[in-house]
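As structure tokens, the structure follows; a few thoughts come after it.
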Amino acid sequence: MDSSDAIYKGLKDAGINFIVSVPCVNLSKLLNLVEDDPEIQHVPVTREEEGIGICAGAYMGGAKTAILMQNSGLGNCINALKSLTELYEFPLLMIMSHRGTEGEGICGQVPMGKSTAKILEAMEFSYYKPETKEEAYENVKNSWEQSQEEGKPVSILLEIKYW
């Protein structure tokens, strides 16, 4: 099982059946696994905040939802996360490729990379930074239930070294 398979298996074992995604090279294999799974409805979007709204609607329709995106998109959806998902206590699993961390080759990713965890902490959202495939699987598998209990999104930050 490779790093993408661990995340995918965690999503499946958590019962996630509706996934919104924004393209990301680090998530490409995972996106292909999701797209090819007939038990998961996959909705590609162009903006993260659009995905948050779509996930909220899908949850209201009975789906177990997740969004796959880069951490750079976190800034795009802060308002939707706070005033939609948190206000109405919609659970959401956020799988983020954590760009701008050790090994990043694009200097423009570094500022948001340094700020991502601080932003999640300021929003009072739980997050995990798994270092191994086993940790990632467990974090993903258990985060949907935690998100339901907290009534807030829970994030999995996948740093460059994870891949």
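Every read-out reported here was derived from the displayed coordinates using simple, explicitly stated rules and does not represent laboratory data. Given the structure is predicted, the values throughout are model-derived calculations rather than measurements. Every residue, glycine among them, receives a Cβ derived from its backbone with ideal geometry; neighbour counts consider all protein chains shown.
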Between Gln70 and residues 5 or more places away or on another chain, the pairs with built amide H atoms under 5 Å apart involve Ser97
Answer in debye to the nearest 20: the dipole magnitude of the range 1-137 about its Cα centre, from +1 Lys/Arg and -1 Asp/Glu charges placed on Cβ, is 240
Residues whose modelled amide H sits under 5 Å from the amide H of Phe18, counting only those 5 or more places away in sequence or on another chain, are Gln41, Lys64, Ala66
Other residues with Cβ under 11 Å from the Cβ of Ala14 give, with Lys and Arg +1 and Asp and Glu -1, a net charge of +1
Partner lysines whose C-alpha sits under 25 Å from that of Lys82, ignoring same-chain residues fewer than 8 away, are Lys64, Lys114, Lys118, Lys129, Lys141, Lys152
Placing one equal point scatterer on each C-alpha of the range 1-65 and summing with Debye, one gets log10 I(q)/I(0) at q = 0.17, 0.22, 0.27 Å⁻¹ equal to -0.57, -0.95, -1.28
The extension gain from Ile78 to Ile106, computed as 0.36 nm times the residue separation minus the Cα-Cα distance, is 7.7 nm
Labelled set (i) 37, 17, 15; (ii) 25, 17, 16; (iii) 21, 19, 15; semi-axes √(5λ) of the Cα gyration tensor in Å computed from this model equals the value at (iii)
Check: C-alpha center the range 64-106 vs C-alpha center the range 1-52, spacing in Å is 13
